[in-house]
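Heads up: the structure comes next, in structure tokens.
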Amino acid sequence: MKTVLKCTNHEIKKIINFYRDYAKEPANDYIMFLAKTKYLTVNVYSSNKVVFQGQDATEEYTMWRHLLNKSEPQTKKTVTPASTSDFFVPSIGSDEVGKGDFFGPVIVCAAYLDPRHKETLKELKLTDSKQLSDDYISSIGPKLVNLVTYSLLKLPNKKYNDLYMSGMNINKLLAYMHNKALLNVKKQVDSSPKIYIDQFTPKASYYKYLSDEKDVLNDIIFLTKAEEQIGSVALGSVIARYHFIKEFDKLSEETGFHLQKGAGKEVDKIAARIIKHKGEAFLQDIAKVNFKTLDKAKALVRTL
């Protein structure tokens, strides 16, 4: 379920303050605040739109509509790509995971949705990975990686931190990874299917980030929430998530700490305990040290 409220600056401040304890690192440049619970995700966009998603979305939306005296409900507009309304259209799509998680790598996956696999993917209930539990993704992940053509790129934390310190922002890193993954898959596909990206930055910015690359795909269709509309993008998101889960579990085992995904108070506390027992430098290999989480964790160390 997804609902949307258009708010004033004053109303935005109220909403942000209410969900502050559940704050996570924003997923892209358009989001000024992100909060997440087990049954709800709240995205506050720079355009002053507040999007509620998840099992509790309708209830939270209704609560805020009454609290803010908004008499007219804001309805969601269904976005359908001009090319097709078929979720399982044969295509290549790419998505990423991990960019909003303090711990764990950034992973990009591009995948080809072969029309021969359509019925199998339907049986596996393929959809956006954010709508699936980690347990379910772990159960279907091995089947997907043995079924479809895909390319997966992993950016380990140490490499991520080194590149970030050299001046590369996350969107530039993602542009390189998406372009390479998509090229890898396209070379393996005999036909010329349409290519989709879950848009994480404006199209012009994407190509600007790749201006120094020799081999760049130029026939890409950029869609926001593409993983909800195009099966190949959903396929990429699920495979990427499957590998992220495995990497995350491996990190927890290697560090001896029960790491938490995302960013927020619980992650701050875990990072603080790691700093106390293993030192701040240890985070270079397991976390994204440009996150505000690091400063919060360092402040918490004094209280442990």
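The values are calculated or read from the model by the stated rules, or taken from the named source; none is laboratory data. As the structure is a prediction and not an experimental result, all values here were calculated from the model. Cβ placement follows ideal geometry from the backbone for every residue including glycine, while neighbour counts extend to all protein chains displayed.
Taking only the stretch 189-216 into account, find how many residues are touching a residue at least 60 places away in the same chain (Cβ under 8 Å), assigned to a loop (DSSP other than H, G, I, E, B) and hydroxyl-bearing (Ser, Thr, Tyr). Residues in the stretch 189-216 being touching a residue at least 60 places away in the same chain (Cβ under 8 Å), assigned to a loop (DSSP other than H, G, I, E, B) and hydroxyl-bearing (Ser, Thr, Tyr): 2 in total. In a loop (DSSP other than H, G, I, E, B), among the basic types (Lys, Arg) and either in contact with a helix residue (DSSP H, G or I) (Cβ under 8 Å, 6 or more places away or on another chain) or closer than 23 Å to Ile245 by Cα (or both), is that true of Lys125? Yes.
Given the options Leu235, Leu251, Leu259, Leu294, name the one that is within 30 Å of Asp86 (Cα to Cα) and touching a strand residue (DSSP E or B) at 6+ places or on another chain (Cβ under 8 Å). Working first, answer last.
Numbers: Leu251 fails: within 30 Å of Asp86 (Cα to Cα); Leu259 fails: within 30 Å of Asp86 (Cα to Cα); Leu294 fails: within 30 Å of Asp86 (Cα to Cα).
Step by step, each of Leu235, Leu251, Leu259, Leu294 is checked, and only Leu235 is within 30 Å of Asp86 (Cα to Cα) and touching a strand residue (DSSP E or B) at 6+ places or on another chain (Cβ under 8 Å).
Of all residues in the stretch 156-178, none that is within 19 Å of Glu247 (Cα to Cα) and not assigned by TED's automatic domain parsing to the domain that holds Phe222 has its Cβ atom under 6 Å from the Cβ atom of a residue that is polar (S, T, N, Q) and surrounded by fewer than 18 Cβ atoms within 10 Å (Cβ to Cβ), 6 or more apart or on another chain. Would you check if there is a residue in the stretch 132-145 being hydrophobic (A, V, I, L, M, F, W, C) and over 20 Å from the mean Cα position of the chain (by Cα)? No, there is no match, as no residue in the stretch 132-145 is hydrophobic (A, V, I, L, M, F, W, C) and over 20 Å from the mean Cα position of the chain (by Cα).
Which of the residues that make up the stretch 286-304 are surrounded by 14 or more Cβ atoms within 10 Å (Cβ to Cβ) and under 22 Å from Asn169 (Cα atoms)?
First pass over the stretch 286-304, keeping only residues surrounded by 14 or more Cβ atoms within 10 Å (Cβ to Cβ): 286-291, 293-294, 296-298, 300-301.
Across the stretch 286-304, the qualifying residues are Ile286, Ala287, Lys288, Val289, Asn290, Phe291, Thr293, Leu294, Lys296.
Examine the stretch 267-288 for a residue that is among the small types (Gly, Ala, Ser), at pLDDT 90 or above and assigned to a loop (DSSP other than H, G, I, E, B), and state whether such a residue exists. Looking for residues that are among the small types (Gly, Ala, Ser), at pLDDT 90 or above and assigned to a loop (DSSP other than H, G, I, E, B), one finds at least one in the stretch 267-288, hence yes.
Taken residue by residue, the stretch 32-44 has at least one member that is closer than 22 Å to Gln199 by Cα and surrounded by fewer than 17 Cβ atoms within 10 Å (Cβ to Cβ).
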